[in-house]
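Q: Mind having a look at this structure? Questions to follow.
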Amino acid sequence: MSRGVTDPETEARQVRAREENDELGRWLENLFDGTAEATVLGLPALVAATFSGSLLASSAALGAAVALSFGVAAYRNGSLTFGPGWPPFSLFYVGVRTVWYNLVYFAAIYAVIGTGLFESTPSGLALAIVAGAAVAAAAVLTFPFVANGVESARRL
C-alpha cells in the first residue's frame, strides 16, 4: 500500500512548530487543566451531591467546583503564590488530590446543609454557592501545606 498524497500546505502544517500561547492563552490552558483536575478527581463527591436530591448540596458543590478550578489554575499559572509551591502531578499526588478534592466537596456540602442556615430559595441557593466557594478557596490555600506534610510523612 502506498501512502496517501497530501498537498504542500498540509505537510508544512504537520511539521511546523507549535506556536506559544500568550498570557491569556496560558491562563485559559491552566484553567482548563485545573477544571479537569478538580472535577474528574472529585467526581465521587460531585455525583453524590447531584444525586442527593438537594438543591443546596448541588449549589454548594457547584461553588466549590468553581473555586477549586480557579484556585488550581491560579497556582499553576503562578498568579497565586502562597506558601509552598503547588505539588507536581505524579501518580502519588493523584491519590492525594483525589482524597483532598472529595473531602473539600463533602466539607462544602456539609457546611451548607449541616448548619441549617440556608434555605432552598433563590437567594439561599446563591448564598450556598458562595459558601461552597469559600470552603473550597480555603482548601486551595491549604492544599500545598497538606501535600508538603504528606510528602514529609512519606519520606520517613
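Q: So, with a 1.4 angstrom probe, what is the percent of accessible area on the range 80-149 that is carbon and sulfur? Spell out each step's value before the answer.
A: On the way: 2820 of 3640 Å².
Carbon-and-sulfur percentage of accessible area, whole number: 77.
Q: Between the range 96-156 and the range 50-75, what is the C-alpha centre distance in whole Å?
A: 9
Q: A further question follows. Based solely on C-alpha atoms, express the radius of gyration and the Dmax of the range 1-149 in angstrom.
A: 19.9, 70
Q: Placing +1 at every Lys and Arg Cβ and -1 at every Asp and Glu Cβ, with all other atoms neutral, what dipole size does the range 1-150 have around its Cα centre, in debye to the nearest 20? Mind showing how you got there, number by number?
A: Numbers: 7 positive and 11 negative charges, 77 e Å.
Using Cβ point charges on Lys, Arg, Asp and Glu, the range 1-150 gives about 380 debye.
Q: What does the convex hull of the alpha-carbon atoms of the range 88-156 project to on average, in nm²? Show your work: numbers first, answer last.
A: Details: hull surface 21.1 nm².
Averaging across all directions leaves 5.3 nm² for the Cα convex hull.
Q: Let me ask you something else. What order, most packed first, do the peptides 78-88, 38-48 have when packing is the mean number of other Cβ atoms within 10 Å of each residue?
A: Working: 78-88: 13.5, 38-48: 17.9.
Output ranking for 78-88, 38-48: 38-48, 78-88.
Q: I would also like to ask the following. Which order do peptides 66-73, 145-152, 94-101 fall in by mean Cβ count within 10 Å, highest first?
A: Values: 66-73: 22.9, 145-152: 14.1, 94-101: 17.5.
Ranked from most to least packed, the peptides come out as 66-73, 94-101, 145-152.
Q: Give the accessible surface of the chain per residue, rounded to a whole number of Å², with probe radius 1.4 Å and ligands, DNA and RNA excluded.
A: Details: 9600 Å² over 156 residues.
That works out to 62 Å² per residue.
Q: What do you get for Rg/Rh over the range 42-114 if you use C-alpha atoms and the Kirkwood form of Rh? Could you put the intermediate results ahead of the total?
A: Details: Rg = 13.4 Å, Rh = 13.1 Å.
Dividing the radius of gyration by the Kirkwood radius yields 1.02.
Q: Of G124, S59, L156, whose Cα points farthest to the positive end of the dipole of the chain (charges on the beta-carbon: +1 Lys, Arg; -1 Asp, Glu; origin at the Cα centre)?
A: So the residue we want is L156.
The values are calculated or read from the model by the stated rules, or taken from the named source; none is laboratory data. What you see is a predicted model; the values in this text were computed from it and never measured. When we count neighbours, we look across all protein chains shown, and the Cβ atoms used for this are built from the backbone with ideal geometry, even at glycine. In case anyone asks, the SASA skips ligands and DNA or RNA and just uses the protein heavy atoms, side chains included. Shrake-Rupley method; radii C 1.70, N 1.55, O 1.52, S 1.80 Å.
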